[in-house]
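Novice: Handing you this structure, nothing more for now.
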Amino acid sequence: MLSFDAEGRLLTWFSPPFAPGTLYKRALDSRLLGRRQHGGQRRRWQANEAEQERVFAALLGAAAQAQADLASPLLDRVLAWTPARLRAEQERFAAAYAPVSILPPDQYFAVVVQATRGCSWNRCTFCTFYRDRPFSVQTPSDFAAHLRAVADLLGEGARLRRSLFLADGNALMLSNGKLLPLIAQARAAFPGREVHGFLDVFTGSRKSVADWQELREAGVRRVYLGLETGHDPLLAWLDKPGSAAQATTLIHDLKAAGLNVAPIFMTGVGGQTYAAAHLADTRRLLERLPLGVGDLVYLSPFVPHGDYAARARDSGVLPLTPAEREAQAEALRGFLRAHKPGVQAARYDIEEFMY
Ligand code: SF4
């Protein structure tokens, strides 16, 4: 089973004849991610050049064979994407974007626009998403050029992408004076789409309910917040500013402004040392949050990155086993089912990310 965007570029290929049971997904820069169940485990990998070449060549062969039967103008679009042309998408992507480091899973098919680059904090021990770039804000003219390059890259494929995601790390932290013109530019370039974005508690707390209402009127609908844990000592140990009390106030403000929220928690973070307090305080925080229909709680299985492993070693923090981490996630899902009816809980697996 194959899927394509409206330009005819490969999106996914499930179970090609040479790799039964494998799912290949093509990112906009033509990286190919493979996924397969193996011995009850999910295995993921990024295809190397030879594997990428093999998939793209086989794809062209399969499309040519289907075209012999179907004579479809849609397949003509697929056939126009030779392996060399598909590979060259990497350069077009690099001309349009700084690397898109991460998105919430329900936004993989957004139109991503980078109003800012990097993260204004960039120092959480576990996070390496934006270590490759300093924080910067796009000027209106640079942003206009970026939007043109994104529109050019996506082409007709933009029709599949029904929302706008304001990147990078915490773009929504910008003052409304800077943010509103950028949102207006993005919505003019990609009309009819709701706007979503990441926010951190310590930067978001600077805005008032009136500021958030202004953003809602400008098209913002859902705010994704990396809360990570409800246990303040763990947050401090991770070098992430903010607190459960600040998160509660901020989410009350966002809800009062009519916005939906998606708080993100990391299951397994802080290992054995913090497990009991992380779970108990995260439950307590969830209990206090005014979540309802339209809100989403993400539970992200923690994967150590950056300086986390060294800090854990120095502090004698032992990791949870995968089963213990799953049990923590299940405990939080169960809590949400029992106490927050209508709130969706979903897994946020950062290793599945692609754009
Ligand atoms: S977790 Fe969020 S605030 Fe911390 S460095 Fe990463 S992007 Fe920045």
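The values are calculated or read from the model by the stated rules, or taken from the named source; none is laboratory data. What you see is a predicted model, and the numbers here were worked out from it, not measured in a lab. All Cβ positions, glycine included, derive from the backbone under ideal geometry; neighbour counts span all protein chains shown. Surface accessibility is based on the protein's heavy atoms, side chains included, excluding ligands, DNA and RNA. Shrake-Rupley method; radii C 1.70, N 1.55, O 1.52, S 1.80 Å.
Novice: Solvent-accessible area per residue for the chain at a 1.4 Å probe radius, Å²?
Specialist: Value returned for the chain: 44 Å² of accessible area per residue.
Novice: If I take all pairs of Cα atoms in the chain, what percentage of them are more than 36 Å from each other? Write down the numbers at each step before the final one.
Specialist: Numbers: 16649 of 62835 pairs.
Result for the distance tail: 26 percent.
Novice: For LYS240, go through the aspartates and glutamates and keep the ones whose alpha-carbon is under 12 Å away, minus same-chain ones fewer than eight residues off.
Specialist: Within the straight-line cut-off, LYS240 pairs with ASP200, GLU228, ASP232.
Novice: Which lysines does LYS178 reach when only Cα atoms under 16 Å apart count, and residues fewer than 8 places away in its own chain are ignored?
Specialist: Cross-link targets: LYS207.
Novice: If you don't mind, another one. So, with a 1.4 angstrom probe, what is the percent of accessible area on the range 2-90 that is carbon and sulfur?
Specialist: Ligands and nucleic acids excluded, carbon and sulfur give 53 percent.
Novice: Right, next: Roughly speaking, to the nearest percent, how much of the range 224-344's 1.4 Å accessible area is carbon and sulfur?
Specialist: 56 percent
Novice: What do you get for the angle between helix 176-189 and the principal long axis of the chain? Use alpha-carbon atoms, 0 to 90 degrees, nearest ten.
Specialist: Rounded to the nearest ten degrees, it is 20.
Novice: Please work out the C-alpha center-to-center distance from the range 168-239 to the range 82-155 and express it in whole Å.
Specialist: Comparing the Cα centres of the range 168-239 and the range 82-155, I get a distance of 17 Å.
Novice: For LYS340, list the lysines whose Cα falls under 16 Å from its own Cα; do not include residues on the same chain fewer than 8 positions away.
Specialist: LYS255
Novice: Oh, and also: Give the list, by residue number, of cysteines in the chain with no other Cys Cβ closer than 4.7 Å, or say none.
Specialist: CYS119
Novice: Here's a follow-up. Based on Cβ point charges of +1 for Lys and Arg and -1 for Asp and Glu, what charge dipole magnitude is obtained for the range 2-90 about its Cα centre, in debye rounded to the nearest 20?
Specialist: With only Lys, Arg, Asp and Glu charged at Cβ, the dipole is about 480 debye.
Novice: Give me the compactness ratio for the range 2-90, meaning the Cα radius of gyration over 2.2 N^0.38 Å.
Specialist: Against the empirical 2.2 N^0.38 Å value, I get 1.08 for the range 2-90.
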